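Okay, so here's the structure we're looking at.
Just so it is clear, none of the values below were taken in a lab; they were calculated from the coordinates. What you are looking at is a predicted structure, and each value in this text was computed from that prediction instead of being measured. Backbone-built Cβ (ideal geometry, glycine too); neighbour counts: all protein chains shown.
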Amino acid sequence: MFKGFLNESILKKAQGKGVITIKIHDIRDYSEDKHRKVDDTPYGGGAGMVFTPQPLFDCIEAVKKKAPKAPVIYMTPKGQRLTQTKVEKLSIKFTQLILLCGHYEGIDQRVIDALVDQEISIGDYVLSGGELAAMVMVDAISRLVPGAIGKEASHEEETFSKKLGRKKEYPHYTKPAEFRGMKVPEVLLNGHHAEIEKWRKNHCK
Ligand code: SAM
C-alpha cells in the first residue's frame, strides 16, 4: 500500500535528498507462527479478529532498539484527533516516530498498555486499516521537515498555520488575469505588497 505513496512528489524528493527516511515493517515477519499468523478471535466473543500480542511486541521492541527515543503512536479512531497544531508539535519534538497500524477489529489492549505512547485518529470515521492514517501522518509531518519542500515559506502561510492565526487560507489566483469573464481581484495585480497583505488577511476565514 505504501509503495505508490512513498514514490511520488514531495515524499519521493525528500527521501531522495535524505531529508526523511521511512521504513515499513511487516508484522508478519515477526510472527512465531509457522503460517505467519498475526491475529486471533477476541476473548468474550464477537465478530472480527484481533492482532495477537507476540508479533507486535517483537516488532515494536526490535524497531525501538533502532529508534529508542521515538514515541510509539497507534493509529486508531479512538485516539486524539490529528490537527495541524498536533502535526507541528510532533515535527518539532521528535526526529523519529514509530507508527503502528491496526487492522481487523484492532490490536490486543496489552500492546497499547505496555508499548504505546500516543493514540492518534485522523478523523471521526472508521477505516479498514491504519495504513491510510499512517500515510496521512507521514505526509503532513514530512512537509514540515526543513528541506522537504522547495520553499520553507510555503508551509508557513497555509490553512491552520500559526501565521494565518490558525484560520483558513485566502484564495489563490494565477494567470490569466481574466478567464471566461471572471477577473482576478484588482488589488492582486497592482503590486502593492501592503495592500495585498491586507486583502489576504481579510480573506482568511
Ligand atoms: N474496532 C475498532 C474500533 O471500533 O475502534 C476499529 C478497527 S478499524 C476497522 C482497523 C484499524 O484501522 C484500527 O486498528 C486502526 O489502526 C485503523 N483506523 C481505523 N480508523 C482510523 C482512524 N479514524 N484514524 C486512525 N486509524 C484508524
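Legend: ranking of residues Asp33, Asp139 from fewest to most surrounding C-beta atoms inside 10 Å; resulting order Asp33, Asp139. Among the listed pairs Lys86/Lys183; Lys17/Lys175; Lys183/Lys205; Lys37/Lys86; Lys64/Lys93; Lys17/Lys66, a Cα-Cα separation exceeding 26 Å is found for Lys86/Lys183; Lys17/Lys175; Lys37/Lys86. For Lys175 and Phe57, the FRET efficiency from 1/(1 + (r/R0)^6), where r spans their Cβ atoms and R0 equals 45 Å, is about 0.20. Here each label is just a point 7 Å from Cα along the line to Cβ, and for Trp199 and Asp113 those points are 6.1 nm apart. For the stretch 145-192, the set of GluC sites (Glu not before Pro) satisfying both a DSSP loop assignment and a count of at most 16 other C-beta atoms within 10 Å is given as Glu152, Glu157, Glu158, Glu169. By the rule of a C-alpha distance below 18 Å, with chain neighbours fewer than 8 residues away ignored, the aspartates and glutamates paired with Lys168 are Glu88, Glu156, Glu157, Glu158, Glu197.
Backbone geometry of the stretch 180-188 corresponds, through the Karplus equation with coefficients 6.51, -1.76 and 1.60 at θ = phi - 60°, to 3J(HN,Hα) couplings of 6, x, 8, 9, 6, x, 3, 4, 6 Hz, x marking Gly and Pro. Each residue of the stretch 76-81 was assigned a 3J(HN,Hα) from its phi angle through the Karplus expression (A = 6.51, B = -1.76, C = 1.60, θ = phi - 60°), giving 7, x, 7, x, 5, 5 Hz with x at Gly and Pro. Taking other Cβ atoms within 10 Å as a rough exposure proxy, Tyr104, Tyr173, Tyr30, Tyr74 sort from fewest to most as Tyr173, Tyr104, Tyr30, Tyr74.
When a footprinting reagent is the concern and you count Cβ atoms within 10 Å, what order do Lys93, Lys34 take, fewest first?
On the way: Lys93 9, Lys34 6.
Fewest-to-most Cβ neighbours within 10 Å comes out as Lys34, Lys93.
At 10 °C and 1.306 mPa s, grab the translational diffusion coefficient of the chain from Stokes-Einstein with a Kirkwood Rh over Cα pairs, rounded to a whole number in µm² per second. Estimated via Stokes-Einstein, D reaches 80 µm²/s.
Multiplying the sequence separation of Lys163 and Thr21 by 0.36 nm and subtracting their Cα-Cα distance, what value in nm do you get?
Answer, rounded to one decimal: 48.3 nm.
Here's the picture: a label point sits 7 Å out from the Cα of Ala67 along the beta-carbon direction, and within the stretch 78-106 the residues with their amide nitrogen under 13 Å of it are 91, 94-101.
Note down the magnitude of the dipole of the chain about its Cα centre, charges +1 on Lys and Arg C-beta and -1 on Asp and Glu C-beta and zero elsewhere, to the nearest 20 debye. Please report the intermediate quantities before stating the final value.
On the way: 33 positive and 27 negative charges, 178 e Å.
Charge dipole, the chain, about its Cα centre: 860 debye, nearest 20.
Length gain on complete extension for the stretch Tyr125 to Glu186, per 0.36 nm per residue less the alpha carbon to alpha carbon distance?
On the way: separation 61, 0.36 × 61 = 21.96 nm, distance 4.22 nm.
Difference between extended and current length: 17.7 nm.
Length available on full extension from Leu132 to Tyr104: 0.36 nm per residue minus the Cα-Cα distance, which gives 8.7 nm.
Under a 5 Å amide H cut-off, with hydrogens placed 1.01 Å from N, Ile107 pairs with Phe51 among residues at least 5 apart or on other chains.
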